[in-house]
Amino acid sequence: MQSVGKPSGSADPKRHLWVLGLIAPASALLPSQLVLHTGAAVFWWIGPIIVLVIIPVLDWAVGDDGSNPRDEDYELLSNDRYYRWCTYLFLPIQLIGLIIAAHMWAGDELGLLDKLGLAATLGFVSGIGINAAHELGHRVEHMERWLAKIALAQSGYGHFFVEHNRGHHVRVATPDDPASARLGESLWEFLPRSVAGGFRSALALEKERLARKGLPWWTVHNHVLQAWAMTLALFGTLIAAFGIAVLPWLLLQAVIGAALLETVNYVEHYGLLRERRPNGSWARCSPRDSWNSDRLVTNIFLFHLQRHSDHHANPGRRYQTLRSSEHAPQLPAGYASMIVFAAIPPLWRSIMDHRVLAHYDGDITRANIQPRKRTRILAIYRATA
């Protein structure tokens, strides 16, 4: 196994593995057939099972990726449309799965627990769909940016298109960024702050953009309204086709999808703080400002989202060209495992807080600390020192 950051011997040794990323949306197509052929109702929950159990186990068994694209292969990989189709195909599979689920939610064949399991599965697909939208939304091509908004329709999180690109990437790893978690802040404290802060930020950013163009808020050129209109159209069509009974399930899966996205946000920058320039402004985002992991299975499943430092340094790079660097702080496991740990605050802090401290060479004052816990955290670590 190659060490992190070593160039690979071919343009992309993982080339034929990327289609496996489509297992995520396809998991919404599987429950009915798995239950039919096995009689095991647990398969209605196949989405959470894959993400929270199977992938962490495979990450542990398979280990690290270890290969990076070579400089001379960058243009070849960037222009290879095979990689684009691996993300494009996510959308129709995702939407077909949602239609099938709406049909089953509308019927009387499933019990309440089974419908909850199906909603959880669709929610996990919805959350991973936001990651596909994340990849597409960074592109300059007009079509791909529209596809990003379509991918966000299922989760109802269309404002992410604006906030992530023009908010998070500007303010990442600073106290001003609602999507950057603070040392001492639990996931359950972070979620409402990030959701509300990201929503407010998206509205403000889009209002500013439209004002610069001399346009009012209520215009067809409003990116936030465009994305939300797609959600209304999608949910409205499904309600018209299957009845109002599907609405609670559509809303539940959307909430689960948004929560999954925000949990990944929590993992990506926990406790990390950019340095200040002499004039007091924030320094440019560096590889040290994002938590990375090079676990192969999650790399494939999330289209290299774990190579997060390179993504922030070069947001225009397509996923297949992202690189892992030894200079970036490394998580002890893949993102799929870390979201499980994040849900249990004492476990999370036992795993991560000492890593934040080590990352800053023992100087905890350099971390992004939860303000209301700052005095207590500083006292604890000074006493330890």
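Here are a few things to note about the model shown:
- Student exercise, the range 95-149 dipole from Lys, Arg, Asp, Glu Cβ charges, in Debye to nearest 20: 220 debye
- With the whole protein complex present, E75 retains an accessible surface near 110 Å², based on a 1.4 Å probe.
- Separation between Cα centres of the range 191-219 and the range 72-117, rounded to whole Å: 28 Å
- Mean accessible surface per residue for the range 113-186, computed with a 1.4 Å probe while every protein chain stays in place, in Å²: 24 Å²
- Between the range 21-40 and the range 293-369, the Cα center-to-center distance that results, in Å: 30 Å
- Accessible-area value, K207, 1.4 Å probe, nucleic acids and ligands omitted, Å²: 140 Å²
- Surface exposure of the range 196-235, expressed per residue as accessible area with a 1.4 Å probe, stands at 58 Å².
- Computed magnitude of the charge dipole of the chain (debye, nearest 20; Cβ of K, R +1, Cβ of D, E -1): 1160 debye
- Each Cα pair under 8 Å and six or more residues apart adds its separation to the average, and for the range 251-324 the resulting relative contact order is 22 percent.
- Accessible area per residue, Å², the range 14-93 with all protein chains present, probe 1.4 Å: 50 Å²
- Per-residue SASA remark: L76, around 110 Å² accessible (1.4 Å probe; ligands, DNA and RNA not included).
- For N292, the amide hydrogen comes within under 5 Å of the amide hydrogens of Q330, L331, counting only partners 5 or more places away or on other chains and with H modelled in the peptide plane.
- Net charge dipole, the range 231-360: roughly 360 debye, given to the nearest 20, about the Cα centre with Cβ charges of +1 for Lys and Arg and -1 for Asp and Glu.
- Selection among I23, I380, L260 by position relative to the dipole of the chain gives I380 as farthest towards the positive end (Cβ unit charges, Cα centre).
- Entry note, the chain: relative contact order of 23 percent, from Cα contacts under 8 Å with a spacing of 6+ residues.
- Build a GNM of the chain with springs between Cα atoms under 10 Å apart, and of L152, L116, L215 the one that fluctuates most is L215.
- For the range 1-129, the mean projected area of the C-alpha convex hull, equal to one quarter of the hull surface, is 9.2 nm².
- Sulfur and carbon atoms: percent of accessible area, the chain [1.4 Å]: 66 percent
- Each of R274, R349 has its accessible area taken with a 1.4 Å probe; listed largest first, they run R349, R274.
The values are calculated or read from the model by the stated rules, or taken from the named source; none is laboratory data. Treat the numbers as computed from the prediction; the structure is a model and nothing was measured. Ideal geometry is used to build each Cβ from the backbone, glycine not excepted, and the neighbour counts take in all protein chains shown. All accessible areas refer to the heavy atoms of the entire protein, side chains included, with ligands and DNA or RNA removed. Shrake-Rupley method; radii C 1.70, N 1.55, O 1.52, S 1.80 Å.
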